[in-house]
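**Q** Okay, here's the structure, questions in a sec.
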Amino acid sequence: MKRIILMLTALMLSAVSCSEVNGNVSVSESISDTKQTSAKKDDIVITIALAVEPEHNEFDEFNNADNGYRIEYVASRSRLDDNGDPLIYTTDEHKKQDFDLIQRIINKDDIDIVGAFSFNNPAYYEILKNKGAFVDLYEFMKDDPDVNPELMNKHVLELCKTDGHLYGLPYSYKVHTMIGKKEYVGSKQNWTVEEFLEHWDKMPDNTTINGSRNAENIYYTILRSNLTSYVDYTKAEVYFDSPDFRKLLEFCGSFKSNHGEKSELDYNAPNFVSIYDVTGFNTSLFCYKDSNSNEALVSHIKDGEYTLVGYPDSEGQGSYISTNGEYSICSHSSKEKQSAAWEYIRQFYTEEYQQNHVMQKYEQYINGEKVVSYSAEGGFCINNNARHTTAERICKGEYSNPTYENKGETFETPLPTMDDCEVIEKYVDSINRIDTELDRPLWEIVNEEIIAYLGGGQDIDTTIDHIQNRASIMVSEKA
């Protein structure tokens, strides 16, 4: 906690300027009063922090269950003004709101539940999660019959741990990687930078990356999508001066800049690699071999026609996992409230809840006939049984229509098999890196300097020096 206080000293500098912008707003004024709902006076009250007030009170169902607990929330900002019009906040106001919430979490005991949803800049949640602001959720999970480590994806939980402790429990997770045809990229998964460049050198001159041949788009694909690999908030270090970063930046700079103009994609040229984000088993249904094929791409991964090569990095571990919907319980809360907070958040991790909410069902009438459709998965369920049941139902076609149309033709909707789903599961288990939110101002620093380099405004040495120095200062202030 001492390190958090040191971090706040640095943040205070920006908060002071924010108070001037906002007319010297006090610390407590930027966080709304606690919103209450009707309940018995003997209920244990649990307070959850939100960045913005919800459109409707999503806690009513829990509060009306007469379970001895009541959820209340504090929101850093309102959604609408007194006239019902949307409120717009400045970047400085967002910073001030986040600063005030951090102070409240550290110095008071009136907030019990926090997540990335609590902050305008989710990077602050990651910083607090790693600095002792939250309790180890394993202590609550170990005796829970329905939500315990044995019933969750152990590999993902291991990646989420800090010094052996689980300070945030993710609701679901996604995979971020790149993919290419085996004829171009070979069969080895997850490349080093050298392997990436070696394979590229064998490609025809008109080859594209993610459909493009301009410097900015290639930077967006192979570097910007993987910037978090060069930042370590725990150690307060950045690695933008590493040989790998230089090689990849030089590679991006070897292509012509489009100077911010929209570029045309060449669909007829060979495509080396593309971004491939896997947000669930059902997403494979929307990734076809070509525009006239009704075969799911995941089958071609299994059969070896495509290879998941990851983002190039020094150790060949460039693929990463990101999580959704993490909840944490504040360490300053009383033991009674911590237990009550667990009773609230545990409901989201049960098999029944995850299975019922994995995909949203929609019903509409078209030409007098009821048409049922489902949203895509927002991520893989962290609950093992819910994830397995979801895979089975997807493979049986329960979440899709029997046919789909493409260019005026009707095709039978492709369905993955359980073997296909197992291939994805095994790939997840091979990934040893969890992604954390990159601080938005840090992201802007990197992007600003690289765009200047790609546009010819500065050389690569200057670019790397600027990024490394500016990023180092920013990360050291917040770690």
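**Q** Please verify whether ASP277 is open to solvent by 60 Å² or more (accessible area, probe 1.4 Å), acidic (Asp, Glu), under 30 Å from ARG387 (Cα atoms) and modelled with pLDDT under 95, treating the condition exactly as stated.
**A** Taking the combined requirement at face value, the residue satisfies it.
**Q** Do we have any residue at all in region 398-405 that's within 30 Å of LEU159 (Cα to Cα), free of Cβ contacts under 8 Å to residues at least 12 places away in the same chain and not charged (D, E, K, R)?
**A** no
**Q** Just to check your reading of the model, which residue among ASN217, ASN153, ASN148 is out of contact with any Ser or Thr (no Cβ under 8 Å at 6 or more places or on another chain), open to solvent by 20 Å² or more (accessible area, probe 1.4 Å) and of a type in the set (S, T, N, Q)?
**A** None of the others qualify; the one that does is ASN148.
**Q** Within region 452-469, count every residue that is open to solvent by 60 Å² or more (accessible area, probe 1.4 Å) and either in a loop (DSSP other than H, G, I, E, B) or modelled with pLDDT under 95 (or both).
**A** 3
**Q** Within region 65-85, can one find any residue that is over 16 Å from THR47 (Cβ atoms) and modelled with pLDDT of 95 or more?
**A** no
**Q** Return the residue satisfying two criteria in turn: it lies in region 224-272 and is open to solvent by less than 80 Å² (accessible area, probe 1.4 Å) and of a type in the set (Lys, Arg), and of such residues it is nearest to GLU195 (Cα to Cα).
**A** Among those residues, the one meeting the criterion is LYS247.
**Q** On to the next question. Kindly provide the set of residues from region 54-70 that are in a loop (DSSP other than H, G, I, E, B) and crowded, with 17+ Cβ neighbours inside 10 Å, ordered by number.
**A** Correct list: PHE59 only.
**Q** Give the residues of region 55-95 that are farther than 23 Å from ILE113 by Cα, without any contact (Cβ under 8 Å) to a residue 60 or more places away in the chain and of a type outside the set (D, E, K, R), sorted by residue number.
**A** Answer for region 55-95, where residues must be farther than 23 Å from ILE113 by Cα, without any contact (Cβ under 8 Å) to a residue 60 or more places away in the chain and of a type outside the set (D, E, K, R): LEU80, ASN83, GLY84, PRO86, LEU87, ILE88, TYR89, THR91.
**Q** Can you find, within region 163-183, the residue that is most open to solvent (accessible area, probe 1.4 Å) among those that are in contact with an Asp or Glu (Cβ under 9 Å, 6 or more places away or on another chain), in contact (Cβ under 8 Å) with a residue 40 or more places away in the chain and under 26 Å from ASP112 (Cβ atoms)?
**A** TYR171
**Q** To continue, here is another question. Can you tell me which residues in region 78-119 are open to solvent by 50 Å² or more (accessible area, probe 1.4 Å) and in a strand (DSSP E or B)?
**A** Correct list: LEU80, PRO86.
**Q** OK, next. Could you check how many residues of region 220-259 are more than 22 Å from the chain's Cα centre (by Cα), among the hydroxyl-bearing types (Ser, Thr, Tyr) and not in a loop (DSSP other than H, G, I, E, B)?
**A** Qualifying residue count, region 220-259: 0.
The values are calculated or read from the model by the stated rules, or taken from the named source; none is laboratory data. Everything numeric here is computed off the predicted structure, so don't read it as measured data. Methodologically, a virtual Cβ is constructed for each residue, glycine included, from the backbone with ideal geometry; neighbour enumeration extends over all protein chains shown. Keep in mind that these areas ignore ligands, DNA and RNA; they rest on the heavy atoms of the full protein, side chains included. Shrake-Rupley method; radii C 1.70, N 1.55, O 1.52, S 1.80 Å.
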